[in-house]
Amino acid sequence: MQTSLPTSSSSSARPEMKEHCSHSADCLKMIQLILDGEATEQELARVKANLESCKPCIEMYHLEKEVKELLTKRIEKRCCPEQLVATIKSRILSFS
Amino acid sequence: MSDTPTRDDRDRTGGPAEPDQFLPEGDSIEQPSEDTPARRYTEEQKYQVFNKEFMPHIDSMYNFAFRLTMDEDDANDLVQDTYLKAFRFISSFEQGTNAKAWLFRILKNSFINDYRKKSKEPAKVDYQDVETTYNSEDAESEHTVDLRAESVSDLIGDEVANALNSLPVDFRTVIILCDIEGFTYEEMAKILDIPIGTVRSRLHRARNLLKEKLRDYASSMGYKEENEE
Ligand SMILES: [Zn+2]
């Protein structure tokens, strides 16, 4: 699920920005649900509202997103060796 | 308690198959029960299903096996065993349903039953122990890791992989399934035979552990850079 959330730069100038989050553990869980595409509409709306005004949460959002992308894009994907594919296919054929 | 099964009734169209098409728990995979819905494939259909539905996932399966065992030979054996099992029990697979999740579940059960026992992992972490510790509602489990996105963005693949590999296998598994393979929580619950609530909390804890490892890498990198100047 792709959602557009405010970036820290666009909103950091706002005076009413919260410097401390009193429920960051819950916010973190919610942020992970969103990045995993598992949040409900209500959860999504709640976090979006929070991310307008809470600096620690914005930073948390960027960190979680970055970590997820590191895992998705930067870890090498091992492909199955051709030899193993051939072995499996021939063993299947001798099954019946 | 996050271990309490939470019913998650979110509607997920195109979601995974019904649980009844998943193989029975653990060892019983060797003996599908009598009431397994009989899908009478002809010999020819068996090969068709195998080639069309199972083989396309072999790279993902191999990658999963390698990330679990961290050893190429073990990954080879594990993938081969899984595919042979899948063929043997092909009648309990319903064509057109979630083959990838079905295969991943067999692989994960084979790993637990056959490989984890002889695994080279030092002093196998008692998962129950870890989870209890991390599930306790104390402040420690609710902590957030002090780390900034900018400090991990320069890490290379090997460092991220090493950080992942250093996690206890159950934590590593949820991260692989979710972030690398892109399974939904519901699919993960079926692959791992745990409630969705546990998927969620285990993932949350796994990520906290991972971020701690990443922070170690990031700070040692910063230290190196300072010294080079
Ligand atoms: Zn907040």
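The values are calculated or read from the model by the stated rules, or taken from the named source; none is laboratory data. Worth saying up front: this structure is predicted, and the values here are computed from it rather than measured. Here the Cβ is made from the backbone with ideal geometry for all residues, glycine too, and neighbour counts use every protein chain on show. Note: areas computed on protein heavy atoms with side chains; ligands, DNA, RNA excluded. Shrake-Rupley method; radii C 1.70, N 1.55, O 1.52, S 1.80 Å.
What the table below lists for this structure:
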item	result
Some residue of the range B:85-106 being open to solvent by 30 Å² or more (accessible area, probe 1.4 Å), of a type outside the set (Lys, Arg), within 12 Å of chain A (Cβ to nearest Cβ) and closer than 22 Å to A:Gln83 by Cα	no
Residue tally, condition more than 14 Å from the ligand (Cβ to nearest atom) and not β-branched (Val, Ile, Thr), over the range A:44-83	18
Helices (runs of 4 or more DSSP H) fully within the range A:33-96 counting 1 or more residues that are facing chain B (nearest Cβ under 7 Å) and open to solvent by 50 Å² or more (accessible area, probe 1.4 Å)	A:55-69, A:82-93
From the options B:Tyr41, B:Tyr47, residue that is within 20 Å of A:Thr87 (Cα to Cα) and not basic (Lys, Arg)	B:Tyr47
Test result for B:Ser110, modelled with pLDDT of 80 or more and within 10 Å of another protein chain (Cβ to nearest Cβ)	no
Restricting the range B:39-63 to residues that are open to solvent by 70 Å² or more (accessible area, probe 1.4 Å) and at the interface with chain A (Cβ under 9 Å from one of its Cβ atoms), the residue that is modelled with the highest pLDDT	B:Asn51
Search result, residues across the range A:1-22 that are modelled with pLDDT under 85 and open to solvent by 80 Å² or more (accessible area, probe 1.4 Å)	A:Met1, A:Gln2, A:Ser4, A:Ser9, A:Ser10, A:Ala13, A:Arg14, A:Pro15, A:Glu16, A:Ser22
